[in-house]
Structures are given as C-alpha cells and as structure tokens.
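K.L.:
Quick one: the structure is below, questions incoming.
The values are calculated or read from the model by the stated rules, or taken from the named source; none is laboratory data. Just so it is clear, the model here is predicted, and its values are computed rather than measured. Cβ: placed from backbone, ideal geometry, glycine included. Neighbour counts: every protein chain shown.
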C-alpha cells in the first residue's frame, strides 16, 4: 500500500463535477506527477489532500490515517507540506524568519507559548534554518524582507520552508508556473537533489512537460475530473488517450 | 543579560533612565517664565502618561503584531478600575491586591471576549469587540449599579468594611498606598528656578511601566512574537505550516487584556474613583489613536503616542482666551483679536480638533507614526556624512 491512498473521491461544485471517482495510490519515496488540461481538477484534488476542501464521497489516507475533516495545521503536523501555485510566504518577515517559523512548528507542534524565550537563543533551530538557506542558495538574502524577493526566489524560499520540516509528503502545485527558463531549470535541479536523497514522496501538478518528464516516476493524466491513465513516463508520452485529451482541448481552444 | 541582546539592553536602559528622570526632563521651563504652562512635570499628568503607555504597549501586542484591531479594549481598563476600587472597599487601601485582581480579571474578561470575537477577522472582529465593550459599558452604567454605582462612579467610603486596615485609618478614608507609602506623597525640590516634583504614585506607575515595557520587548523578540507577526503577514501560510493561529491570537488577546486591566487598576489606584465612561468606545478609540500616532508594531511607538496625546490633552485644554490674548498682546488690538479668533477653536475645549488634524497629518504623511518621523530625520542626518542611507530590513525590524 502506498503512503498516500485516494479512493473513490468525488467533489461537486453546484452542477460541475470537479472530481469524479478519483483513485490514486502513491508509493513511498517516489515522485508522482498529475497532469491534465486546464480545468481537469488537478488543483481541486490537491486541495482535498490538504484539508482545504472536503470531498463529497471517498477517502484520503496518508500513512494509513484519514486526512479528511482535519484542519490544515493538523495535516501539516502529520507530515504533509504544500507549495502553492502563487508563492505563499511571510512577506513582512525576513527570509531567515520565514524559514525559522516552519522549524519551530516542526519542533513545538501547532501551539506553544514560547513568549519569554529569545529567537536568538534557539541555536539548534537557527542553525538548521541557516543550513536550509544555504542549501537553496539564498544565504546572502537572509536579512531581506521576503516580499522584496523576485518570484523565482519566493518560490525557492517557499520550498525551503517546506523542506525544513522534513515532510514525508511534499505537494507541489505548479512549482515552475510563470518562471523564466533559467529559474525553471534551477528548480528542477533542486527537486532532483531532494529526490536523490530518497526520503521524501512528492506529488507534483505541472503543465511544463519538461519538468514532469525529468522528475516523475509515475504520471497520472487527469481529464474532466477523472483519471484517464496512470503509468510510467515512457508509456505516457505516446499514449493515444493522452494525446486525445490534450488535442481535444486544442481543438476547443481554436 | 535579562535575556536581551546588547542592543535591546541598551534600549531598555535608555527607556528606564528617561522614565526615572521624567520629573526633571519634563520640567524644562522656569516657574517664572511664560512658557511654564508647557511644563509636563506634575504628578497627575506623568502618572497618566505612564499608565496609558502601559495600556498602549499592551494593545500594540495585539494590534501591532497580529494586525487584529480591537475596538473594545477600554472594557478591560474599566474592569481593572472597578476591581481595584472593590479591593480598596473590601480589603485595604494598599494598592497591591487591587492591581493583582485587576490584571487577573482583565485576563479573564479578555479570554471570554476573545474566545467569541476571534472566530471572525477583519472588520467583523473589530465590530464584535466594540459590541462587547459597549455591553460592558451599559452594564456598568445601569444594570450592574450595585457593583458599579452607576453613573456617579464607584469610590471607597468610610462605611466600607476594609477588613485589613479600616481600624488603623481612624475617622477618614485613607489615601491609596503601597505598604504605607501614600500615592500622593510628593517630594518637591526647588532648583534653577524650577520646582521638581518627585511623586510616589508616579514612580510606582513608572517602575511598573518599565517592567511592562521589558515584558513587551521579550515578547517581540520571542518565537511567539514572530508567530504573531506571521499571522499579520500571511495567516493562510501559517496554518499550512502546521501552526494553529487561533490559540496564538487568543493568547495575544489575553496578554493585551491583562495589560489593559493593569492600566485600569493603576488609574484607580492613583485616583480612587471609577466611572463607566472609562469603558466607553471613545476610550477604546483613544488607545487605537495612540498606537497609530506613535507607530503601529514598534516598541516605543505606543509609548510616544500615549505621551503625545496625554500631554496635548492636558496642555492644549488649559489654554483659554485670556492666555491667548496675553500671547498676542504685542500686536495691534484688531490683529490680536483676529489671531485669537483663528487659534481659539483649536485650544481649550477644542483641543480635539488639533488632535484630529495632527492625526490626519501623521496617517497621510507618516504612515509609520512618530517613530517613522524619527527614523526619517535620523536617516537624513546619517546620509550627510556617510552617504549610504539605504534602509535595510534589519533597521526597520529593530524599532
């Protein structure tokens, strides 16, 4: 059984069937990509995994435990971190503080009254956060306000924040959307590095096929809320159903 | 030392020194000069500045760090005041039990009100806190008259049981004291043509306000304070980072409620009379003004704002037409009348107009409050010799 098991998930928004009977099994320490044309339900699926949306029917199990009905912070504490489509960071805090917060969350849990300790005295946590910034090559920007970063750097920072918690499962929602080619390649290199460590499972939603085929171990193609195919990348490329889904969309677009 | 960095320790030392020397520093003009009325070194005003500084520093822990604007903090001040007076009535005229009870009750009330109000954010949170505070005001004003003595206010009386020290006081109501040291005890020193008044009540308020400032400084530098700033910056991200923002908010709300309760207790300890108007929404609005005027989210800002507003309230409201005429008496009679007529609406009863204009000016031109004004001046001054005035995040975060 995989670390993440999605079974028979349905989600309806009024008359629109956003997800129809989605089954997904992600094996531990692999990279699983979910692709599909716009409106296929990729983001809805991801939102069901992190507690932002609750499916109408079906179950989502992480390490054998259900995530449904849990609050976002509880799901994170189970070991799931998420990178958003538009980088979600603490813009008014410095880059280093941005990484310190998830480190504290990992050590102290969802709430702790540490009002009379000094951040500067927490040497272990500070050292870890600083190492994290070195890893993503943002060490020299540690004292900048996070909102002043470029988009690519914001994305790197968000990834550093997620990785600093050593999550078991990392969810990436279009990690290279709107990025310049060079930034995209940097991101791919970073993700490859993380993958090579072999202690993390990743689910990636992505439009950029270059990113998908350089990282994924398995790919699920989603169209109109239902999975069309699930297979290894080599078999996905020439699959007729996939071509149909994407070409069909192209026909509609013109 | 004291769990602070060298820079913060220095900062705290300066604040302590200024607080202790305030009776001297706030009396710069000789008694005989016409400017003597601008002196602020008299006990009543200094006590108020110290007390409202405590109130504003506590309010800033909620509003400045988390960005949640409470419009009902005066309720906690009122609760603190009534609690202290009741301790005066029941136990003794020593201010300590009253102050302890006012902090506790402020915290309990804040927990109850915060528990409900924090279910909403933004304007809905503000409205909920406002509604609760107005409820407290109306309860104190009419329904709970046996507890609060309604409109005329609550004060210690001769017939009170005062089980600890009624016998010792003899036939009078004793003044509030701290183990025998009367709050109105004042040591006057005449020097350099000025009268410096060292008042026991002020030093009690001053020492407590420095302690509270130190506590706020610790909270600002703690992981907890960082989480509160993160709530203001991006609560969504914070929740997805594995932190539950609700208890953090509630803790901040309770801490600021305890600060407000303490301020209320001290107000009653300095002047043992508590009325319901202390809870009215205008009083809640005043602390918002103080915080924004001084600089939201900065450590020193609320202190400056409180000092600024209380100073001008006292000084401007004392200036009447006679004073104005004496200022402009060197001008021809008709010009004198015109000048007085122009300034008249801004002083005396109309000092609120001055405050309004000042507040608008600060919000429009100095969104960071008086602290930002100080920083800009400092930057101008620094740029001239060195030539590098680029503000770094470190500087901005420090104050």
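K.L.:
Could you please let me know if residue B:11 is touching a residue at least 40 places away in the same chain (Cβ under 8 Å), assigned to a helix (DSSP H, G or I) and farther than 26 Å from residue B:265 by Cα?
P.N.:
Details: touching a residue at least 40 places away in the same chain (Cβ under 8 Å): yes; assigned to a helix (DSSP H, G or I): yes; farther than 26 Å from residue B:265 by Cα: yes.
In short, yes.
K.L.:
Still on this structure, please answer the following. For residues in segment A:124-133 being touching a residue at least 24 places away in the same chain (Cβ under 8 Å) and more than 20 Å from residue B:248 (Cβ to Cβ), which is nearest to the other protein chains (Cβ to nearest Cβ)? So that I can check it myself, show each step before the final result.
P.N.:
We begin by selecting, within segment A:124-133, every residue touching a residue at least 24 places away in the same chain (Cβ under 8 Å); these are A:125-126, A:128-130, A:132-133.
Add one more test, that the residue is more than 20 Å from residue B:248 (Cβ to Cβ), and what stays is A:126, A:128, A:130, A:132-133.
Working: A:126: 11, A:128: 14, A:130: 16, A:132: 14, A:133: 15 Å.
Here the residue is A:126.
K.L.:
Can you confirm whether residue B:87 is over 14 Å from the mean Cα position of the chain (by Cα), over 20 Å from residue B:294 (Cα atoms) and modelled with pLDDT of 90 or more? Even if it seems obvious, please write down each step before you answer.
P.N.:
Values: over 14 Å from the mean Cα position of the chain (by Cα): yes; over 20 Å from residue B:294 (Cα atoms): yes; modelled with pLDDT of 90 or more: yes.
When the stated conditions are applied, residue B:87 passes them.
K.L.:
Further question on the same structure: Return the only residue of A:96, A:53, A:100 being more than 8 Å from chain B (Cβ to nearest Cβ), at pLDDT 90 or above and not in a strand (DSSP E or B). Steps first, please.
P.N.:
Details: A:53 fails: at pLDDT 90 or above; A:100 fails: more than 8 Å from chain B (Cβ to nearest Cβ).
A:96 is the lone residue from the list that is more than 8 Å from chain B (Cβ to nearest Cβ), at pLDDT 90 or above and not in a strand (DSSP E or B).
K.L.:
Here's a check for you: in segment A:106-120, which residue that is over 12 Å from residue B:226 (Cα atoms) and assigned to a helix (DSSP H, G or I) is farthest from the other protein chains (Cβ to nearest Cβ)?
P.N.:
Restricting to residues being over 12 Å from residue B:226 (Cα atoms) and assigned to a helix (DSSP H, G or I), the top hit is A:107.
K.L.:
Any residue in segment B:144-152 that is at pLDDT 85 or above, touching a strand residue (DSSP E or B) at 6+ places or on another chain (Cβ under 6 Å) and within 24 Å of residue B:256 (Cβ to Cβ)?
P.N.:
yes
K.L.:
Please work out which one of (1) more than 10 Å from every other protein chain (Cβ to nearest Cβ); (2) in contact (Cβ under 8 Å) with a residue 40 or more places away in the chain; (3) touching a helix residue (DSSP H, G or I) at 6+ places or on another chain (Cβ under 8 Å) is the condition residue A:70 fails and give its number.
P.N.:
(2)
K.L.:
Here's another thing I want to ask about it. Filter segment B:212-224 down to residues that are within 23 Å of residue B:306 (Cβ to Cβ) and within 7 Å of chain A (Cβ to nearest Cβ), then give me how many there are. Talk me through it step by step, then tell me what you get.
P.N.:
First pass over segment B:212-224, keeping only residues within 23 Å of residue B:306 (Cβ to Cβ): B:212-221.
Remaining after also requiring within 7 Å of chain A (Cβ to nearest Cβ): B:218-219, B:221.
Of the residues in that region, 3 qualify.
K.L.:
Quick one: how many residues across segment B:239-273 are at the interface with chain A (Cβ under 7 Å from one of its Cβ atoms) and either farther than 13 Å from residue B:66 by Cα or in contact with a helix residue (DSSP H, G or I) (Cβ under 6 Å, 6 or more places away or on another chain) (or both)?
P.N.:
First, pick out the residues of segment B:239-273 that are at the interface with chain A (Cβ under 7 Å from one of its Cβ atoms): B:239-244, B:247-248, B:251.
Then drop every residue that is not either farther than 13 Å from residue B:66 by Cα or in contact with a helix residue (DSSP H, G or I) (Cβ under 6 Å, 6 or more places away or on another chain) (or both), which leaves B:239-244, B:248.
Number of matching residues: 7.
K.L.:
Can you tell me which residues in segment B:301-323 are touching a helix residue (DSSP H, G or I) at 6+ places or on another chain (Cβ under 9 Å) and surrounded by fewer than 20 Cβ atoms within 10 Å (Cβ to Cβ)?
P.N.:
Taking segment B:301-323 and keeping what is touching a helix residue (DSSP H, G or I) at 6+ places or on another chain (Cβ under 9 Å), we get B:301-321, B:323.
Answer for segment B:301-323, where residues must be touching a helix residue (DSSP H, G or I) at 6+ places or on another chain (Cβ under 9 Å) and surrounded by fewer than 20 Cβ atoms within 10 Å (Cβ to Cβ): B:311, B:312, B:313, B:314, B:315, B:316, B:317, B:318, B:319, B:320, B:321, B:323.
K.L.:
Do any helices (runs of 4 or more DSSP H) entirely within segment B:62-144 hold 2 or more residues that are within 26 Å of residue B:233 (Cβ to Cβ), and if so, which? Steps first, answer last, please.
P.N.:
Numbers: elements: B:74-90, B:95-117, B:122-138.
So the answer is B:95-117, B:122-138.
K.L.:
Which condition does residue A:190 not pass, out of (1) modelled with pLDDT under 90; (2) buried (at least 20 other Cβ atoms within 10 Å of the Cβ), if it passes all the others?
P.N.:
Here residue A:190 clears every test but (2).
K.L.:
Going by the structure shown, is residue B:55 in contact with a helix residue (DSSP H, G or I) (Cβ under 6 Å, 6 or more places away or on another chain) and either within 14 Å of chain A (Cβ to nearest Cβ) or under 20 Å from residue B:301 (Cα atoms) (or both)? Lay out the reasoning, then the answer.
P.N.:
Numbers: in contact with a helix residue (DSSP H, G or I) (Cβ under 6 Å, 6 or more places away or on another chain): yes; either within 14 Å of chain A (Cβ to nearest Cβ) or under 20 Å from residue B:301 (Cα atoms) (or both): yes.
Here the answer is yes, as residue B:55 does meet what is asked.
K.L.:
Evaluate the following for residue B:315: is it modelled with pLDDT of 90 or more, more than 14 Å from chain A (Cβ to nearest Cβ) and under 27 Å from residue B:22 (Cα atoms)? Step through it out loud before you land on a result.
P.N.:
Working: modelled with pLDDT of 90 or more: no; more than 14 Å from chain A (Cβ to nearest Cβ): yes; under 27 Å from residue B:22 (Cα atoms): yes.
Considered against the rule, which asks whether it is modelled with pLDDT of 90 or more, more than 14 Å from chain A (Cβ to nearest Cβ) and under 27 Å from residue B:22 (Cα atoms), residue B:315 comes out as no.
K.L.:
Next question, about the same structure. Pick out the one residue from A:174, A:158 that is at pLDDT 85 or above, surrounded by fewer than 23 Cβ atoms within 10 Å (Cβ to Cβ) and within 16 Å of residue A:87 (Cα to Cα). Let's see the steps before the verdict.
P.N.:
On the way: A:158 fails: surrounded by fewer than 23 Cβ atoms within 10 Å (Cβ to Cβ).
After ruling out the rest, the residue left standing is A:174.
K.L.:
If you don't mind, there's one more thing I want to ask. Restricting attention to segment A:75-93, which residues are facing chain B (nearest Cβ under 8 Å) and part of a helix (DSSP H, G or I)?
P.N.:
Answer for segment A:75-93, where residues must be facing chain B (nearest Cβ under 8 Å) and part of a helix (DSSP H, G or I): A:76, A:77.
K.L.:
Only one of these conditions is not met by residue A:197: (1) more than 22 Å from residue A:234 (Cα to Cα); (2) in contact with a helix residue (DSSP H, G or I) (Cβ under 9 Å, 6 or more places away or on another chain). Which number is it?
P.N.:
Single failed check for residue A:197: (2).
K.L.:
OK, next. So in segment A:154-175, with the set limited to residues that are assigned to a helix (DSSP H, G or I) and under 20 Å from residue B:223 (Cα atoms), which one is nearest to the other protein chains (Cβ to nearest Cβ)?
P.N.:
Residues of segment A:154-175 assigned to a helix (DSSP H, G or I): A:154-163.
Narrowing further to those that are under 20 Å from residue B:223 (Cα atoms): A:157-158, A:160-163.
Details: A:157: 11, A:158: 8, A:160: 12, A:161: 7, A:162: 8, A:163: 12 Å.
The selected residue is A:161.
K.L.:
Could I ask something else about it? Before we move on, is residue A:35 away from every other protein chain (no Cβ under 14 Å), at pLDDT below 90, in contact with a strand residue (DSSP E or B) (Cβ under 6 Å, 6 or more places away or on another chain) and over 12 Å from residue A:4 (Cβ atoms)? Break it down into steps so the answer makes sense when it comes.
P.N.:
Details: away from every other protein chain (no Cβ under 14 Å): yes; at pLDDT below 90: yes; in contact with a strand residue (DSSP E or B) (Cβ under 6 Å, 6 or more places away or on another chain): yes; over 12 Å from residue A:4 (Cβ atoms): yes.
It is true that residue A:35 is away from every other protein chain (no Cβ under 14 Å), at pLDDT below 90, in contact with a strand residue (DSSP E or B) (Cβ under 6 Å, 6 or more places away or on another chain) and over 12 Å from residue A:4 (Cβ atoms).
K.L.:
Hey, could you check segment B:25-43 for residues that are out of contact with any helix residue (DSSP H, G or I) (no Cβ under 7 Å at 6 or more places or on another chain) and surrounded by 15 or more Cβ atoms within 10 Å (Cβ to Cβ) and say which is farthest from the other protein chains (Cβ to nearest Cβ)?
P.N.:
The residue in question is B:36.
Condition check ((1) under 27 Å from residue B:6 (Cβ atoms); (2) within 14 Å of chain B (Cβ to nearest Cβ); (3) modelled with pLDDT of 90 or more) across all residues:
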| position | (1), (2), (3) |
| --- | --- |
| A:122 | yes, yes, no |
| A:135 | no, no, no |
| A:143 | yes, yes, yes |
| A:152 | no, no, no |
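K.L.:
Output the number of the condition that residue A:47 fails; it satisfies all remaining conditions of (1) touching a residue at least 24 places away in the same chain (Cβ under 8 Å); (2) farther than 24 Å from residue B:247 by Cβ.
P.N.:
Condition not satisfied by residue A:47: (1).
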